[in-house]
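Enquirer: Below are the structure tokens for one structure; questions will follow.
Quick note: the coordinates plus some simple rules give every number you see, no bench work behind them. No experiment lies behind these values; they were computed from the predicted model shown. Note: ideal-geometry Cβ built from the backbone for every residue, glycine included; neighbour counts use all protein chains shown.
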Amino acid sequence: MNRNQRVLVVDDEPETVKYVTANLKARGFEVLAASDGTEALKQAEEQVVDLILLDLTMPGPDGFEVCRRIRQSSDVPIIILSARGREQDKVKALDLGADDYMTKPFGVDELMARVRAALRRVRHEGGGSVPPLETSGLRIDFSARRVTMQGQELKLTPTEYSLLTLLARNAGKVLTHRSLLNAVWGPEYGQESEYLWAYIRRLRKKLEPDEDRPEFIITEPGVGYRFRDMT
């Protein structure tokens, strides 16, 4: 299944690149490597990649800037691999569009679980017979995986789309932090509340007329989030 999937590994530590590359190749992935931000952007532009594993601290544009630039034109999954474990670094990376964040050192089992989870969110599974949802100018076409606001298509990453559609399909119901993390990121997740903070904020920037007074995605303090009641 993974034979044609290509991963770009971006890190200026040769041992990290060697370790990650060997484990990816052993599982059938094709691997490209870059040791600085400039080369990473060049590879991401010129090559078709299915996933990017990105360090934050490296020569040239750092990982934050690389992530920001890639997100301007691509929704390829990005997993941060960094020795920087501060919450503010995680939130900043997620705000810029990273899909996941791993703190070094990490084990191969955890790495591969995160890789599988990121790639799983990209699979374009149709919405079957679920009819489109329409409310206050927002339209979600589940079968086409297309979201529009007042007729204008919204560019969403796979993770943003997964979170939005999960909330929308359960309109009026409160979904807990843990249930959202489990459903969108995978069963290995449950405590990473900063992921939800960042991605709810990203969705509100794209959906809400006024982010400070959200109409579509409502916060239930201390519990989770709900999509506006459609009844």
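Enquirer: From the cross-link list 92/155; 18/205; 25/92; 42/205, which pairs have alpha carbons spaced over 27 Å apart?
Expert: Beyond 27 Å: 18/205; 25/92; 42/205.
Enquirer: What residues qualify as long-range amide H neighbours of residue 31, i.e. H under 5 Å apart, gap of 5 or more or another chain, H built at 1.01 Å from N?
Expert: When sequence neighbours closer than 5 places are left aside, the close amide H contacts are 7.
Enquirer: Principal axis lengths of region 24-64 from Cα atoms, whole Å, largest first?
Expert: Each principal axis gives a Cα extent; for region 24-64 these are 30, 20, 14 Å.
Enquirer: If you don't mind, another one. How many percent of the alpha carbon pairs in region 133-227 exceed a separation of 17 Å?
Expert: 46
Enquirer: Please sort by residue number the GluC sites (Glu not before Pro) in region 182-229 whose DSSP state is loop and whose Cβ has at most 15 other Cβ atoms within 10 Å.
Expert: 188, 211, 215
Enquirer: A further question on this structure: So, R0 is 30 Å and r is the distance between the beta-carbons of residue 182 and residue 22; what FRET efficiency does that work out to, to 0.05?
Expert: Working from the Cβ atoms, E equals 0.50.
Enquirer: Further, regarding this structure: Using every pair of alpha-carbon atoms in the chain, split the distances into 5 Å bins beginning at 0 and state the percent of pairs per bin, rounded to integers.
Expert: Binned Cα distances yield the sequence 1, 6, 14, 18, 19, 16, 11, 8, 5, 1, 0, 0.
Enquirer: Moving on to the next point. Expected output is a single nm value to one decimal: the length gained when fully extending between residue 83 and residue 144, i.e. 0.36 nm times separation in residues minus the C-alpha distance. What is it?
Expert: Extending this stretch completely gives an extra 18.1 nm.
Enquirer: Given C-alpha coordinates of region 6-122, what is the ratio Rg to Rh with the Kirkwood estimate of Rh?
Expert: 0.91
Enquirer: Then there is this: Just to check, using Stokes-Einstein with a Kirkwood Rh over alpha carbon pairs, what's the diffusion coefficient of region 76-118 at 25 °C and 0.890 mPa s in µm²/s?
Expert: 232
Enquirer: Also: Near the amide H of residue 154, under 5 Å away, which other amide H atoms are found, from residues 5 or more places off or on another chain, if H is placed in the peptide plane?
Expert: Amide H neighbours of residue 154, under 5 Å, 5+ apart: 147, 148, 149.
Enquirer: Show which lysines lie in cross-link reach of residue 90 when reach means a straight Cα distance below 18 angstrom and same-chain residues fewer than eight apart are skipped.
Expert: Qualifying lysines at Cα under 18 Å: 104.
Enquirer: So what is the 222 nm mean residue ellipticity for the chain from helices alone, if each DSSP H run of at least 4 adds -39500 (n - 2.57) and you divide by all residues, rounding to the nearest 500 deg cm²/dmol?
Expert: -12000 deg cm²/dmol
Enquirer: Based on the Cβ-Cβ distance of residue 223 and residue 65, what FRET efficiency does E = 1/(1 + (r/R0)^6) give at R0 = 35 Å, to the nearest 0.05?
Expert: 0.50
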